[in-house]
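Below is one structure, written out as structure tokens, with a few remarks after it.
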Amino acid sequence: MITIEASVASALCTEPEGEVERFVYPMRLTPENLRTFYEKSRDFRTLFTDEVNGDFHKFAELLIGNDGERVWTNGLFWIVDDFVGIYHMTNIRTYDAEVHYVFFDRRHYGREELTREMLRYAFRRFGFRRLTTEIPMYASKSTFNFVFRLGFTKEGKRRKAVMYKGELFDTMLLGILRDEALDGA
């Protein structure tokens, strides 16, 4: 069950059914939300490494850390409506963080403005100078197109950085600067 808090972003999304107003809420990492995130992610074999896919314990260890005395989250998480999608940030540093997203209904088109609103929220709320994303080269063309439409710029690559189906793949590094995301907003 999702605890409904105030939304941090919203936008009208053009979807096959017509215009739908989507809302983004902070996601608490409750056992129920972790299980739902895990179950929905299992249909997306490219979201996590082969080692994590199919292993709830390893999935949970990616999101939650502990040292026997303390428990903490390994990032910040937001949910789109009732698990239509998730945005999350990891490797958070003073002026940068890695950003990630997934739409569980596999729809990118029409959700650019919602995602731009989340980027603006992250820049304003946390004061980042830049945000970074890393996309494996086996990702779909629509994933790359979506990220480029958001304003991300290719900055480089990491060679043979991720394992998928027993094969090593390069990843593309992309970034967006604060002024690029907030320009005109």
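Derivation of every value follows stated rules applied to the coordinates shown; laboratory data play no part. Being a predicted model, the structure only gives us computed values, none of them experimental. When we count neighbours, we look across all protein chains shown, and the Cβ atoms used for this are built from the backbone with ideal geometry, even at glycine.
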- Check on Gly110, part of a loop (DSSP other than H, G, I, E, B) and at positive phi: yes
- Members of the stretch 40-88 that are outside any loop (DSSP other than H, G, I, E, B), β-branched (Val, Ile, Thr) and touching a residue at least 24 places away in the same chain (Cβ under 8 Å): Ile64, Thr73, Ile79, Val80, Ile86
- Task: Would you mind finding the one in Phe59, Phe146, Phe123 that is touching a His at 6+ places or on another chain (Cβ under 7 Å), buried (at least 18 other Cβ atoms within 10 Å of the Cβ) and of a type outside the set (S, T, N, Q)?
- Result: Phe146
- Message: With the requirement that a residue be in a strand (DSSP E or B) and either surrounded by fewer than 18 Cβ atoms within 10 Å (Cβ to Cβ) or not aliphatic (A, V, I, L, M) (or both), what does the stretch 89-101 give you?
- Response: Thr90, Glu98, His100, Tyr101
- Task: Could you please find all residues in the stretch 10-33 being closer than 23 Å to Glu61 by Cα, surrounded by 18 or more Cβ atoms within 10 Å (Cβ to Cβ) and of a type in the set (A, V, I, L, M, F, W, C)?
- Result: Met27
